[in-house]
Amino acid sequence: MPYVVRFISEADVKSMGITMPEMIEQVELGWKMKGEGKVELPAKPGVHPRKDCYIHAMPCWVGGEVDTAGLKWVAGYPSNLSRNLPYNNGVFILNDTDTGVVKAIMDANWMTTWRTGAAAGIGAKYLADPNATVAAVAGLGTIGKITLRAFETVLPKLKTVKVFDPLPQQAEKYVAQMKELFPQLEFVICGDVKALCADADVVTTCAPILEIPNRTITPAMLKANVCCISSDYDATFDADVVNKGNIFVCDDKGQYLWTQGHGVYFQSGYPVESEIYADMGEIVAGKKQALRQGRRCCVFMGIASHDVMTAKLIYEKAKEKGIGQDLDL
């Protein structure tokens, strides 16, 4: 029996004008639901056709009053940057939870970028000093740009943004684009990660994720009282940064430990189960205290509840605005 599926392209999503505060609200709610035990979130299985590349399946059901389920099929290919192709690309399939019927198929590129930035922003909201004035961004691609949008949303006293990228032209492009969005902020291009981290209240890393990482940021580069947020797995922060601070937080314990147990990421001194203070669901749900002193470290791998919450927002706006194309399946 045929049925109708709404197809929502990347251009469709961009036309909706979704804001960073809206994204943060949705991702934060998804984390709260997870902390309350209302989310079914298996670890993301994947295949790895090329070195340092992955294609992951990310299914999830967010229950309770949200009651939304779906699957993201997403690829990450660092080599695409030299091919003028997106590092990440994929699609999201949204299902009706009563029937299992596919309701929508939508672009996952915008979704992945924006929910990743929103997640880093929520980490800063709960664990950074609310009076933070200096943020440092290592890795100035798309994720680095979106993360700054989130920081600007949650850190009301932010004044200075220090930036570093191994490609100098990336830093110049980044500052030009971000200065246009946030003219009130001062931007400082740094020549290395040591200069980047000096005096920063919040440090975030957005480099390509590699099987054999080159961890360039060490504890000696950081202030004693600092919030470190990784959106690039274990690619940039030295193990002693994350394992010898005050607390270590991940986005989901099950996914982190599953990934670590499969022997590719989070090896060589990264925290094991007994060294994890909490995952963000526990903190957002109020089950663990949000600490703001000492070196607080977060590793956010990206979890499917973020995608489900984003897909729900996109689908509802598409229906409201009449955006997208209905297809007969």
Completion exercise
Once amide hydrogens are built 1.01 Å from N within the peptide plane, the residues lying 5 or more places from Lys162 or on another chain with amide H under 5 Å from its amide H are Ala135, Ala136, Val137, Val188
Handout entry: Accessible area per residue in Å² at 1.4 Å probe, computed on the chain
Key = 43
Practice task
Kindly flag which residue pairs out of Lys32/Lys159; Lys125/Lys159; Lys72/Lys244; Lys72/Lys317; Lys145/Lys321 have an alpha-carbon separation exceeding 25 Å in this structure.
Solution key: Lys32/Lys159; Lys72/Lys244; Lys145/Lys321
Practice task
Give the share of C-alpha pairs in each 10 angstrom bin for the stretch 147-234, from 0 to the last occupied bin, in whole percents, shortest bins first.
Solution key: 15, 49, 33, 3
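Keeping all protein chains in place and using 1.4 angstrom, which order do Arg295, Arg50 fall into by accessible surface area, from largest down? Could the numbers behind the result be given before it?
On the way: Arg295 30, Arg50 155 Å².
The most accessible residue leads, giving Arg50, Arg295.
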Handout entry: Percentage relative contact order, the chain, counting C-alpha pairs under 8 Å, at least six apart
Key = 23
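Whole-Å semi-axes of the stretch 55-137's equivalent ellipsoid, largest first, each the root of 5 times a Cα gyration tensor eigenvalue? Intermediate results must be reported in sequence, preceding the final value.
Working: eigenvalues 159, 101, 13 Å².
Equivalent ellipsoid of the stretch 55-137: 28, 22, 8 Å, largest first.
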Completion exercise
Given backbone amide H placed at 1.01 Å from N, residues whose amide H is under 5 Å from that of Asp199, ignoring those fewer than 5 places away on the same chain, are Lys223
Exercise for the section: With everything on Cα atoms, drop me the angle between helix 304-321 and the longest principal axis of the chain, reported from 0 to 90° to the nearest 10. Expected result: 50
Handout entry: Using θ = phi - 60° and Karplus 6.51 cos²θ - 1.76 cosθ + 1.60, couplings along the stretch 152-160 (whole Hz; Gly, Pro as x)
Key = 4, 6, 9, 10, x, 9, 4, 10, 10
Completion exercise
Projected onto the charge dipole of the chain (unit charges on the beta-carbon of Lys, Arg, Asp and Glu, signs +1, +1, -1, -1), the Cα from Leu140, Pro2, Ile122 with the largest positive-side position is that of Leu140
Problem - Cα shape, the stretch 108-169, gyration tensor, a/c 1.5 rule - result: oblate
Practice task
Any chance you could give the angle, 0 to 90 degrees and rounded to 10, that helix 168-181 forms with the longest Cα principal axis of the chain?
Solution key: 70
Completion exercise
On the accessible surface of the stretch 1-123, probed at 1.4 Å with all protein chains in place, carbon and sulfur together account for a percent value of 56
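Cα-based Rg of the chain per 2.2 N^0.38 Å, rounded to two decimals? Don't skip to the answer; put the middle values down first.
On the way: Rg = 19.0 Å, N = 329, 2.2 N^0.38 = 19.9 Å.
Here the Cα radius of gyration is 0.96 times the empirical estimate.
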Completion exercise
Taking protein heavy atoms only, a 1.4 Å probe, and rounding to whole percent, the accessible area of the stretch 200-329 owed to carbon and sulfur comes out at 46
Practice task
Could you please state, rounded to a whole Å, how far the C-alpha centre of the stretch 10-31 is from the C-alpha centre of the stretch 186-233?
Solution key: 26
Practice task
Could you go through the stretch 85-99 in sequence order and give the Karplus-derived ³J(HN,Hα) for each residue, using 6.51 cos²θ - 1.76 cosθ + 1.60 with θ = phi - 60°, rounded to whole Hz, and x for Gly and Pro?
Solution key: 10, x, 4, 9, 7, x, 10, 10, 10, 9, 10, 6, 6, 7, 10
Exercise for the section: Report the accessible area of Asp96, computed with a 1.4 Å probe over the heavy atoms of all protein chains in place, in Å² rounded to the nearest 10. Expected result: 50
Problem - For Arg6, residues with placed amide H under 5 Å, excluding near neighbours - result: Ala104, Ile105, Leu327
Fill in the blank from the handout: With the dipole of the chain defined by +1 on each Lys or Arg Cβ and -1 on each Asp or Glu Cβ, the option from Ser231, Ala220, Ala278 whose Cα lies farthest towards the positive pole is Ala220
Handout entry: Residue-wise HN-Hα coupling along the stretch 104-112, computed from phi with Karplus coefficients 6.51, -1.76, 1.60 (Hz; x: Gly, Pro)
Key = 8, 10, 9, 4, 10, 5, 4, 4, 4
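The values are calculated or read from the model by the stated rules, or taken from the named source; none is laboratory data. Since we're looking at a predicted model, the values are computed, not measured. Note: ideal-geometry Cβ built from the backbone for every residue, glycine included; neighbour counts use all protein chains shown. Accessible surface areas use protein heavy atoms only, side chains included; no ligands, DNA or RNA. Shrake-Rupley method; radii C 1.70, N 1.55, O 1.52, S 1.80 Å.
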